[in-house]
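Presented below is the structure to which this report refers.
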Amino acid sequence: MTPQLQQAIRLLQLSAVDLVDYVETELEANPLLERDDSDGGSALTEAMGNEDDRSEGGATLVDIVDDQSDAPLDIDEGFTENDAAFDTAADVPGDAGPGPALPWSGGGRSDDFLPDLEQTLSEDDDLRACLERQLSLSIKGPVERLIGMALIDSLDDNGYLIGNTESLADQLGTKTSDVEAVLATLQTFEPPGLFARDLKECLALQLKDRNRFDPAMAALIKHLGMLAKRDFQGLMRLCGVDAEDLEEMISEIRALDPKPALKFESGISQTVIPDVIMTASSSGGWRVELNNETMPRVLINNQYFAELNKTADSTIEKKFVAEQFQSATWLVRALEQRATTILKVATSLVAKQDAFFRKGVTELKPLVLRDVAEEVDLHESTISRVTANKYIATPRGIYELKYFFSHALTDGVGGVSTSVEAVRYRIKKMIDEESADNVLSDDQVVDLLRRDRISVARRTVAKYRDSLKIPSSIQRRREKTRGLSVTS
């Protein structure tokens, strides 16, 4: 690959924060570049005033690209499964083969000026990156991941959960119990104590992680107010311990961290900036637009270029000026095409996931890279790079674009497809709502799903039920008969 192509690939992968840093470096290094602080901005920004709304699947699509010469950036050189950042290789090709030529030529700085993507991520000091890594390892379903991302976005700088699970469930269009289930998983993440709703829960989570949350310690945590008042006699009675044990318990509590997120230099609110903003339009659909704050704009100072070109005496000077002009031209075009590509892909995702935005997380549709790639006429590897490290602000929260992809099941008759996670959710919902005298067998669940034109085998239902930690129908009937609630 040429240095320009390598840069284009990495430029497409960069997050909004890393892109700003890269452009700042280019502004300092290239005397012909200057920051565009005008309201008009680039040709791409000016085109945003000319909306081309078309309806597809109930969503209003905003296509801001009127000039076909500014085609979206499409790159598939050197694409591998590792580039995709998705859970399964089925979503991406193993070897994409040679890619098309870029719609511009020449220019570009040495590849050394752009750091590797791995160098732009902090392994130790970025709380969001730390939590997202644990989320990807602990939760595989895209529906649960969407809930998990919403919970991560709900943390304050100390690591406490802002708001309540009821309001978040309402925002996502799901049940409170679903949010609580994901929250329980997130509360096991490192460092211990995150996602607590108050100080008592924060301390309890840390004690559970140390296997020290016994009944005596639980009583002490419950009555922290008495500890503040130094009512040691009352605490010994409530906890059922003597003075020596109480002193040891208090020492353990003092060793805990009441603000577990402060050990990270970069918190939640400092990292994610949405690249795309989605809002409801007056026509009843959706308006999708770029977040101008994340799209740095630069201009070429043609007057300064003419002066330098005129005064350059030696061949070396003329070559330097020509290279700087070529590099500046490349960067301006690359930024505009990067923005165009992000917008086209995000617009397609919004249209395809319209039901999710309108009705909630249970309506998340199955989607693979190929679905979007074919619609926007780009390569699957380009879709992979665009959806990684790019975020969209929606009425249901801020999400990374890649979280809208999942596998599908088809009905085998009419071609209706349903997300695997949506099927898992339906199974869980059916079982949650069953009564003691009407416990559903796996065969009955299969029949109910077929009424909704979802064809799955009984062994598949059993597999999904096991993954949800739901007991068999025989065990559930026995527990319900005894008046016990079935946990999932």
Tell me, which strands (runs of 3 or more DSSP E) lie completely within the range 211-302 with 3 or more residues that are touching a strand residue (DSSP E or B) at 6+ places or on another chain (Cβ under 6 Å)?
276-280, 286-290
Can you confirm whether the range 108-124 contains a residue that is modelled with pLDDT of 75 or more and on the phi < 0 side of the Ramachandran plot?
no
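Against the condition without any contact (Cβ under 8 Å) to a residue 60 or more places away in the chain and of a type in the set (Lys, Arg), how does Lys359 come out, does it pass? Quick ask: steps written out before the conclusion?
Details: without any contact (Cβ under 8 Å) to a residue 60 or more places away in the chain: no; of a type in the set (Lys, Arg): yes.
Spelling it out, it is not the case that Lys359 is without any contact (Cβ under 8 Å) to a residue 60 or more places away in the chain and of a type in the set (Lys, Arg).
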Among the residues of the range 13-28, write down those that are at pLDDT 85 or above and of a type in the set (A, V, I, L, M).
Leu14, Leu19, Val20, Val23, Leu27
For the structure I just gave you, tell me whether Lys200 is modelled with pLDDT of 90 or more and basic (Lys, Arg).
yes
With criteria (1) without any contact (Cβ under 8 Å) to a residue 40 or more places away in the chain; (2) surrounded by fewer than 21 Cβ atoms within 10 Å (Cβ to Cβ); (3) out of contact with any strand residue (DSSP E or B) (no Cβ under 8 Å at 6 or more places or on another chain), Ile162 comes up short on (3)
Got a sec? Which of Arg453, Arg482 is charged (D, E, K, R), on the phi > 0 side of the Ramachandran plot and surrounded by fewer than 16 Cβ atoms within 10 Å (Cβ to Cβ)?
Arg453
Matching residues, the range 171-187, being in contact with a Ser or Thr (Cβ under 7 Å, 6 or more places away or on another chain), buried (at least 17 other Cβ atoms within 10 Å of the Cβ) and free of Cβ contacts under 8 Å to residues at least 40 places away in the same chain
Val179, Leu183
Filter the range 309-318 down to the residues that are surrounded by 13 or more Cβ atoms within 10 Å (Cβ to Cβ) and modelled with pLDDT under 80, then identify the one that is nearest to the chain's Cα centre (by Cα).
Asn309
Give just the number: which of (1) of a type outside the set (A, V, I, L, M, F, W, C); (2) in contact with an Asp or Glu (Cβ under 8 Å, 6 or more places away or on another chain); (3) not in a helix (DSSP H, G or I) does Asp313 not satisfy?
(2)
Exclusive hit being more than 19 Å from the chain's Cα centre (by Cα), among the small types (Gly, Ala, Ser) and buried (at least 19 other Cβ atoms within 10 Å of the Cβ), set Ala346, Ala373, Ala351
Ala373
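Yes/no per residue for (1) surrounded by 17 or more Cβ atoms within 10 Å (Cβ to Cβ); (2) under 30 Å from Pro395 (Cα atoms):
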| residue | (1), (2) |
| --- | --- |
| Ala228 | no, no |
| Gln233 | no, no |
| Glu247 | no, no |
| Leu290 | yes, yes |
| Val298 | yes, no |
| Val332 | yes, no |
Residues being farther than 13 Å from Leu349 by Cβ and buried (at least 21 other Cβ atoms within 10 Å of the Cβ): count how many of those fall in the range 385-395.
2
With respect to Thr279, determine if the residue is crowded, with 19+ Cβ neighbours inside 10 Å, under 24 Å from the mean Cα position of the chain (by Cα) and not aromatic (Phe, Trp, Tyr).
no
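Criterion first (under 28 Å from Lys140 (Cα atoms), outside any helix (DSSP H, G or I) and among the acidic types (Asp, Glu)) does Glu201 satisfy it?
The answer is no for Glu201.
The values are calculated or read from the model by the stated rules, or taken from the named source; none is laboratory data. Model, not experiment: these values are computed from the prediction. For neighbour counting, all protein chains shown are included, and Cβ atoms are generated from backbone atoms with ideal geometry for every residue, glycine included.
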